[in-house]
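Read-outs: derived from the displayed coordinates by stated rules, not from any lab. Just so you know, these numbers come straight off a predicted model, no measurement behind them. Cβ coordinates were reconstructed from backbone atoms using ideal geometry, including for glycine residues, and neighbour counts include every protein chain displayed.
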Amino acid sequence: MNHVAKRARAGSAAVLTWAGLLTVLAVLTGCTEGMRDIGEGKPRSPRDAIQISPQDGAEDVGPRSRIEVKVPDGRLERVKVSRIEDAQREVVAGRISKDGLSWAAVGAAGRLALASKYSVEAVAVDAAGRRSARNTSFTTVVPEHRFIGYFKPENRSTVGTGMIVSFDFNRPIRNRAAVEKAIEVTADPPVEVVGHWFGKDRLDFRPAAYWKPGTEVTVDVGLRDVEGAPGVFGSQRKTVGFTVGRSQVSLVDAAEHTMEVRRDGELISTVPITAGAPKTTTYNGKMVVTELHEVTRMDGRTVGFGGEYDIKDVPHAIRLTESGTFLHGNYWAPYDTFGSLNTSHGCIGLRDVKGGSAAAPGGWFFDRTLIGDVVEVVNSPDRKVAPDNGLSGWNLSWKAWKAGSALR
């Protein structure tokens, strides 16, 4: 399943064979006969089981707004609200009501901070014991005549060797050279790191090749009082850093229906997969993991697929592109789909069970994945993923990447 309408658009040295690892998986109760993947089941109710305010993707939210999480029935099982500022994450204190129908921030935590990004992760259980999940985010207002860059990865995180440092600015940048010069990305051991602009509001940084495992990366953000556009000045002065962990690069062959997982260059597993169906193919190219969700909701209505699918409890979901390509656990397809057929809406599916299992291929891969790991797709009939779709800048040559810098 590709959660986007593209047309409208361990370390163990032993090689594991998943066909022999799991002999039995539960068949999804209530599947229609011949169901191949999410889009081919009956449409679910359009009503959201979990209601979150402010709405997903909202911008310039005022400080007097309040974060609310509600369910019409059943109960909230888990809610986590985080404030993300200058690549640092702070959990917002809150509690679920006694009846389980709502969550609210506690005390002063309920007042939203300016120039911040908030994320909300919620899981609910209905009266029949069925789980559903929602993951949303929004940004708060930045003072007039100021601009800010929301950037990743998070401070002090450990990431995969494919991590790209990425800044998204809340206002268009006219003086790109001044802004790029004010951000310095350095590495130990040293390596040349160059910026590349995607349009007027995004600036990414990467070296010529994947980072070396163990590299310590420092990001000096000196944007305060830098004039990014006439009369609009930066407000950030911050130094953050992250560590590059082990190397893990996974190669998905859409024609062979397999994924080869390599850790530090050594093949540790060959996993059967299902990729995009002929009318909803999977992008080719190198994609970088940007999000990890133990469970999430995927609704075709939000991305142009109408009522083709609405799965509220997709397990072990790993985001690969901003447009919605995921590598995720799949409990609804027949056992023999994996390794033999491409049936999804463009995502990469791994065998899993309802609720997710660490012993299933989906859970096994999820537990061994870092933000910044690389997943490369080959032999799909689709085009190559755009370099600005997620952190897909590795699909540009080093020459083309450097040509996108405002300092050259």
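Quick look at the values:
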| item | result |
| --- | --- |
| Under 17 Å from the Cα of LYS399 - aspartates and glutamates, other chains or at least 8 residues apart | GLU192, ASP204, ASP388 |
| Contour minus Cα-Cα distance for ARG301 and GLU266 (0.36 nm per residue) | 8.5 nm |
| Net lengthening on full extension, ASP73/GLU154 (0.36 nm per residue, minus Cα-Cα) | 25.6 nm |
| Sequence of TRP394, TRP364 once ranked by neighbouring C-beta atoms within 10 Å, starting from the fewest | TRP394, TRP364 |
| Exposure proxy order (Cβ contacts within 10 Å, fewest to most) of ARG130, ARG319 | ARG130, ARG319 |
| Packing-based order for 163-170, 262-269, using average beta carbon neighbours within 10 Å, highest first | 163-170, 262-269 |
| Table column - 3J(HN,Hα) (Hz), segment 168-180, Karplus curve with 6.51, -1.76, 1.60, x for Gly and Pro | 10, 8, 7, 9, x, 9, 8, 9, 5, 4, 5, 5, 5 |
| Residue among HIS257, THR270, SER132 farthest towards the positive dipole end of the chain, charges placed on Cβ | SER132 |
| Per-residue HN-Hα couplings for segment 49-64 [Karplus 6.51, -1.76, 1.60; θ = phi - 60°; Hz; x = Gly/Pro] | 5, 10, 9, 10, 10, x, 5, 4, x, 4, 10, 6, 5, x, x, 7 |
| Note, ³J(HN,Hα) from phi for segment 131-138, Karplus 6.51, -1.76, 1.60, rounded to Hz, x at Gly and Pro | 8, 9, 9, 9, 10, 10, 8, 8 |
| Out-of-range pairs (alpha-carbon distance over 20 Å; input LYS181/LYS402; LYS238/LYS402; LYS117/LYS384; LYS152/LYS200; LYS286/LYS402) | LYS238/LYS402; LYS117/LYS384 |
| Built amide H within the under 5 Å cut-off of GLU291, gap 5+ | ARG319 |
| Amide H partners (placed H, <5 Å) of SER157, local residues excluded | THR243 |
| Footprinting exposure proxy for THR337, THR369 (fewest neighbouring C-beta atoms within 10 Å first) | THR369, THR337 |
